[in-house]
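Read through the structure below, which is laid out as structure tokens, and then see the notes.
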Ligand SMILES: Nc1ncnc2c1ncn2[C@@H]1O[C@H](COP(=O)(O)OP(=O)(O)O)[C@@H](O)[C@H]1O
Ligand SMILES: [Mg+2]
């Protein structure tokens, strides 16, 4: 029975959803469609786009295999490293820290976010550069070490820059973990390590998966960190895109790479969520 | 220790302080082996704190908790031979019923063989009549079923003592009554000590071998249910374990007369003279229809309300010059019940009057 109230209710829902839908349409769907169209087109001689339908650009992808390789290796690796550092921090904040200290400690993690990542990553350039840590190490007699412009440097930058983004969702899921479950586990004879592995970890998996997915996705499009700390030697897809769109003005090829990147993200995300569901044992994975 | 301890649990001058709050103050108590003990008291009196000190989740600020004769100071929860059914069950939401129940067995070192774990888990589920529910997720179970999962999860470990923190509080009345009977027969069957926390006096009286009444962090009385009800040690116990009518007055020299404020004299069983509060249970009063006699110990009054309780009838009677009293008459006695507005006469045996120094 389609009542008047029902109709009005649907109208209100539609009205509330409209701004978000419009936003998505203008800034997400339309650009993506444009990119798809470009990706199957040809490059104009002076740069830009000529209409057409060809798979030429996609067949060209192996030319940028290094960028794909770096991104697909270093983004998940960076996210996992981030996780290894973030989990103990989040655990300490949510479980061990006294509640009255929590707010202060959490803000200490968030505050660095208020300064530009550019500036903070620049600082790492000096720390890892030849006058930074390597210099310090050589004064205590260690062999000369190149740190900057290595995958390691990029990973350091990633962990540093994305840590808060990883800590927060894990912190939230640990924070709402029912402490009585930990008591119950201990009551049933579980040592602290077993309680952690059997209860705490699985119940915080939604937060872990959210953090890993969030950081991985952002890293797949990362540009700044490889630019500064990889110095043209370790570059990501993001760097390739900047190069293609702004320098060589090869829009169709850039679009093909971008479309492929989006597909990779979708696949990675779907697989990750499947795994998260399997582990967390619920049909619902909270995005924060 | 050579001889086996007679008490499964013993508190020796145990106190627990949370900052300024004294949650438990100097408790001495012993729970005999194999008994069903109810820890009864109003909300906030320290019942949960006592259980948590036995479970090992809290350490006493002073004193010692002994389990099976062994002092438990500094022994972590996972090394204590007790299991707890938590107040809101605390079932593991990410595990199915079977995995919840087998959790304790799977923690044992040396490991218990898989088949054995499965067997004992199935037995425990059978015992709480959840045989077909092994693969269910806990949030797909009703409150009563979750309650039984929690029970199975604890008893599968065969603890020396089972601690139950208000296990039935969240269930509706009918289910609660059924579970009370089930818990009782389960305890008989297993022969392990049950220590059950509740704020429901009916539950405490009906299920347990001993009722341990707590108030404000202290144990006021520990005795069999009948005794707690019939011979409460304090006014608090009398009030808490049943309905009461209160009368203030003075026991006169000689100790056999209670003089009420309005000059009325009631006979009492020998008491120390002095100011007292006397308590009379509604069912200890006999109600006769008709005008009251002129005797000094008679309580004449007018029925103001009549409440039908199913198996009994409860009257509120305004006693001339004294105030309202509750009277419960069972139905056989009330085949021909008094009507509101009717004059009635109340009487009782002197030994039904419970007298406490004011
Ligand atoms: N962790 C705690 N921190 C501070 N005060 C507490 C804590 N646990 C209990 N209390 C206080 O101790 C008293 C007894 O609590 P509790 O044992 O839970 O009572 P009950 O179970 O009888 O309702 C209450 O006043 C309560 O506020
Ligand atoms: Mg309680």
Practice problem: Treat the count of other C-beta atoms within 10 Å as a stand-in for reagent exposure and order A:114, A:277, A:23, A:251 from fewest to most. | Solution: A:114, A:23, A:277, A:251
Quiz item: Once you average over the residues of A:177-186, how many Cβ atoms of partner chains fall within 10 Å of each Cβ?
Solution: 6
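From the square roots a ≥ b ≥ c of the eigenvalues of the alpha-carbon gyration tensor of the range A:1-101, which class results: rounded (a/c under 1.5), prolate (a/b over b/c), or oblate?
Working: a/c = 3.67, a/b = 1.10, b/c = 3.34.
Cα axes put the range A:1-101 in the oblate bin.
How long is the gain from residue B:218 to residue B:324 if the chain were fully straight, where each residue apart is worth 0.36 nm and the alpha carbon distance is subtracted?
Details: separation 106, 0.36 × 106 = 38.16 nm, distance 3.19 nm.
So the extension gain works out to 35.0 nm.
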Practice problem: Please list A:212-218, A:63-69 highest first by mean number of surrounding beta-carbon atoms within 10 Å per residue. | Solution: A:212-218, A:63-69
Exercise. Please find the FRET efficiency linking residue B:64 to residue A:140, where r is the Cβ-Cβ separation and R0 is fixed at 41 Å, and quote it to the nearest 0.05.
Key: 0.15
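Just check the range A:64-280 against the gyration tensor rule for me: Cα atoms, a ≥ b ≥ c as the square roots of the eigenvalues, rounded for a/c under 1.5, and otherwise prolate or oblate depending on whether a/b exceeds b/c. Please list the in-between numbers first.
Details: a/c = 2.34, a/b = 1.46, b/c = 1.60.
Verdict is oblate for the range A:64-280.
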Exercise. Only Cα pairs under 8 Å and at least 6 apart count here; give the relative contact order of chain A as a rounded whole percent.
Key: 28
Quiz item: Label-point separation (nm) for residue B:342 and residue B:298, each offset 7 Å from Cα along Cα-to-Cβ?
Solution: 1.7
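Return the average number of partner chain Cβ atoms within 10 angstrom of each residue Cβ along peptide B:77-84. Don't jump to the answer; show the numbers that get you there.
Values: counts 9, 10, 3, 3, 1, 1, 4, 6.
Mean shielding count: 5.
Using a Förster radius of 45 Å, what is the FRET efficiency between residue A:17 and residue A:61 based on their Cβ-Cβ separation? Nearest 0.05, please. Working shown, then result.
On the way: r = 37 Å, r/R0 = 0.82.
Given R0 = 45 Å and the Cβ-Cβ separation, E is 0.75.
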Quiz item: When you look at the Cβ of every residue in B:49-60, what mean number of other chain Cβ atoms sits within 10 Å?
Solution: 1
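Which whole-number percent is the relative contact order of chain B (Cα, under 8 Å, 6+ apart)?
15
Could you sort the peptides B:193-204, B:223-234 by per-residue average Cβ neighbour count (10 Å cutoff), highest mean leading?
B:193-204, B:223-234
For residue B:28 and residue B:248 in one chain, what is 0.36 nm times their gap in residues minus the Cα-Cα distance, to one decimal in nm? Provide the component values of the computation, followed by the final result.
Details: separation 220, 0.36 × 220 = 79.20 nm, distance 3.22 nm.
Length gained between residue B:28 and residue B:248: 76.0 nm.
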Quiz item: Using the per-residue mean of other Cβ atoms lying within 10 Å as a proxy for protection, in what order, highest first, do the peptides B:87-98, A:4-15 fall?
Solution: B:87-98, A:4-15
Quiz item: Put a dot 7 Å past each Cα toward the Cβ at residue A:84 and residue B:13; how far apart are the dots in nm?
Solution: 5.4
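So for the range B:3-236: antiparallel DSSP bridges make up what percent, rounded to the nearest 5? Intermediate values should be presented prior to the final figure.
Numbers: 22 of 40 bridges.
DSSP beta bridges in the range B:3-236 are roughly 55 percent antiparallel.
Give the calculated FRET efficiency between residue B:189 and residue A:29 to the nearest 0.05, with a Förster radius of 60 Å applied to their Cβ-Cβ distance.
0.35
No lab work stands behind these numbers, since they all come straight from the coordinates. Small disclaimer: the values here were computed from a predicted structure and weren't measured. Neighbour counts are summed over all protein chains in view; Cβ atoms, including those assigned to glycine, are modelled from backbone coordinates with ideal geometry.
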